[in-house]
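Report on the structure given below.
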Amino acid sequence: IAPGLTEQNRRMSSLCRQLSQMLAVWSWRRRLDVSLYQVPGFNFRTFCSTASGPDPIQIHKRKLFLWFSHLPQEEKQFGGYFSPETMHVDPLILERKDEERTRLLSTPPPTLKITSHSVTVEQLFEPTDAWSDGNGVNVLLYGAVGTGKSTVIRKLVLDWCRGNTLTHFKLLVPFSCEDLSQLSKVASLRDLVSRKYLHLRKHPLLSGEGNQAKDVLFLFNGMEKMDLDFRIGSTELCSDPNEVLSADVVVVNLLRKYLLPEASILATTRLSALDRIPQKYVSRYAQICGFSDPDRQRAYFTSRLLQQSGKTARDDEAHALLELLYLNLQRESQLAAACFLPSYCWLTCATMHFLHFTDAKAPIRTLTGIYTSFLRLNFGGEVLGTGTKTNVTIQEHHNSLMLYVVRTVGKLAFDGVTYKRTSFSENELEQWIGGKTKTDEELHQLAMFRTDVLDFFLAPCVKRSRHLHEASSEDDQSWYVFAVPAMQEYLAALYVVLGENKSALERLTRQMSLTIGQASEDVSAIFNIVSKFIPIRIFAVFNLLKLFPKFYEKISSHNKGSIARTMAAEMFRTEDSCNEDVLDQMEQSLLGVHGPQPQQQSEGQPFELYPIFMGGLLHYGNRVLLQQLGCSIQSSTVVQITNALRKHLVKELSKPQPPEELMDLLVLLYEFQNPRLTAEILASIRTIRLANIHMTSLKCFILSSVISCTPASYHLEELDLSSCLLTQDMLQMLWPAFRHTHNL
């Protein structure tokens, strides 16, 4: 039996081997057919990639698409119906020749007649006679803050991932120059790529062999954040993608065309850093100029305000708002000058969305939060450096670009609010922004600030105000206003809350207090030991020094109390009592005034948002965002201002107030987002009269939210909403407030 079983097993084993070989051949032929069918122009490298695993280029496209499709947190306030595809509007991009580049170093104003033809980023990479044979092209895209450089880059990457643009590049490798500038370790080009894109670690296009790099496009966003040195003596030459060097040396050699000379490069930078890359290393210059005409601006507003997920009522309101906005833009108004920058189009849309589409289901949003988020989007992580190799930018508190803005432009805004002015002459800007004589380093920082940032906040005055006829001797000067009127009040409020308006005595006492306070802890132990041997008079002097920090605390506390007094005084100014409430004023500044002019009895420009912004800046959420910008508001400061503000507001509310002033108070309490303070202040109010106020869904939401902060036992004796034109939706929104009301 055993010999028969052995023969049978041998036959079965032979049959299994034959079947296994047939399956292997069939599987190989099947893979070959699939590869040839899927990839036209079949070659050996493509077949091996398909047979061994997924194509790393396809993995790269999928991951890039996911990364660049992510929208900032600030975009969620529009309702979550947006994507980069639906909200993008192409800004104006102009190719600049060498003579134009040296002559025009700022964003062209909206009134400038543009003679150059608009181009797309894809057209900048089309072959020209100026290209050297075999080398890739280096394109430098430059523009001021807020013109849309990062948005253009994001749209470009997403379109490449879909196969809609730059299809002749098989590989696109984006880099953030801010990230590269933070690298402390040396690395090769392939290490830099694989550190961010692991799936490209061994890709042959980056090997440097042959001319494979002609299919690669490197993208460097924010080139001004890197200190590049093109001197041969300072930056060594490198042609090996595997050679380990610092990140700035790798980038310099890519631009020199020593490293992967066949590869093309697209770099973005600001105006002040335009000449950091020598002209001989740039093939083409292109300036991004924002939205040059009302039609582009209207397209942007349409993409933002009409994304209401099929809600018919809101769509009708959005269409009406768009028409009013477009009419205001066509008038060549100050709004049109501001919306020349896409960033201000974003701010306008965010504000209009807040004013008209706030409801109980949406996340809590405040006007102060919108402006703080706006600044974080444009200046988050920015520092003010000299741009020279001898002074490397360090992200320290005193180098914060936003803090520099507060100390210069914020100081100008505060002076304007104090003296009720909105327009400033060229000489005044020189005085406020230029300041006193400075060191060479400070003068270089000032030049960079004026080139890159100043035009972001200040714009040429389109129409001179009526009170400017007094300055007839200076009519030949240019006059400037803040791009958006509310920005002046926001920066003035930030200037005050940060304590930048201290007197010379307060600054001196603060410095002495910090010095003595730090030293007192170290020497206290020594004083305790040697006090037995020191004469009484000398020992008394040491005790006085130890008490000096407490003296400063009293001065500081008095300063915080003055901030609270200012807020209360500005809230209830008698000359502003007949003005419309602040929300209506905000809407009129954006949409313009259609029909009869509103009644306004105050002399000069009212600044009623100024105290409201001061309260909103004390909210924890806004303080966190400001901390990211290098502007720190201490919790102790908030406590001192809040305690003093409570007393002053209760005192003012003991007097009869017109409906518009009460509405402004409700807006202040809402912006503050402090339920305990709100409940304590409302405890002194038993009647709220808002008769004849033009109520909107936002105002109803604010009223309901503020009254909901009170305990269940709190009740208003009367809530007057007569002639407020309330709708059914508004009444539903006001239901929480009605539950705290005896007489309606």
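The values are calculated or read from the model by the stated rules, or taken from the named source; none is laboratory data. Predicted, not measured: the structure shown is a model, and the values here were computed from it. Here the Cβ is made from the backbone with ideal geometry for all residues, glycine too, and neighbour counts use every protein chain on show. Accessible surface areas use protein heavy atoms only, side chains included; no ligands, DNA or RNA. Shrake-Rupley method; radii C 1.70, N 1.55, O 1.52, S 1.80 Å.
Accessible surface calculations at 1.4 Å, restricted to protein heavy atoms, place the range 600-689 at 41 Å² per residue. Entry comment: accessible area of the range 197-239 is 47 Å² per residue, from protein heavy atoms only and a probe of 1.4 Å. Which entries of 411/438; 63/149; 155/202; 61/155; 214/257; 149/257 have Cα-Cα distances beyond 20 Å here? Cα-Cα > 20 Å for 63/149; 155/202; 149/257; rest within.
Taking a quarter of the surface of the Cα convex hull of the range 232-322, what do you get in nm²? Seen from a random direction, the Cα hull of the range 232-322 projects 10.4 nm² on average. Among 188-197, 483-492, 711-720, the peptide with the highest mean count of other Cβ atoms within 10 Å heads the list, and the full ranking is 483-492, 188-197, 711-720.
Rounded to the nearest 10 Å², what accessible area does residue 448 have for a 1.4 Å probe in the complete protein model? Answer for residue 448: close to 30 Å² accessible. Ranking 216, 650 by solvent-accessible area of protein heavy atoms (1.4 Å probe, all protein chains present), from largest to smallest, gives 650, 216. For the range 294-364, the Kirkwood estimate of hydrodynamic radius, built from reciprocal distances between every pair of different alpha carbons, is 12.5 Å.
Once C-alpha pairs closer than 8 Å and six or more residues apart are averaged by separation and normalised to the residue number of the range 198-336, the relative contact order reads 22 percent.
Surface composition of the range 117-182: carbon plus sulfur atoms contribute 45% of the solvent-accessible area (1.4 Å probe, protein chains only, all chains present).
For residue 139, the accessible surface of its heavy atoms amounts to roughly 0 Å² (probe 1.4 Å, protein chains only, rounded to the nearest 10). The solvent-accessible area of residue 346, taken with every protein chain present and a 1.4 Å probe, is close to 10 Å².
One quarter of the convex hull surface built on the alpha carbon atoms of the range 594-719 amounts to 10.1 nm², the projected area averaged over directions. The order of 236, 382 by accessible area, most exposed first and with a 1.4 Å probe, is 236, 382. At q = 0.12, 0.20, 0.24, 0.27 Å⁻¹, what is the log10 ratio I(q)/I(0) for the range 650-726, with the Debye formula run over Cα points and no solvent? Debye curve over Cα of the range 650-726, log10 I(q)/I(0) at q = 0.12, 0.20, 0.24, 0.27 Å⁻¹: -0.30, -0.88, -1.30, -1.59.
Ranking of 425, 705 by solvent-accessible surface, largest first: 705, 425 (1.4 Å probe, protein heavy atoms only, all chains present). When every Cα-Cα distance of the range 603-656 is counted in 10 angstrom steps from zero, the calculated P(r) takes the values 20, 42, 28, 10, 0 percent. Less than 5 angstrom separates the built amide H of residue 147 from none of the residues sequence-distant by 5 or more or on a different chain.
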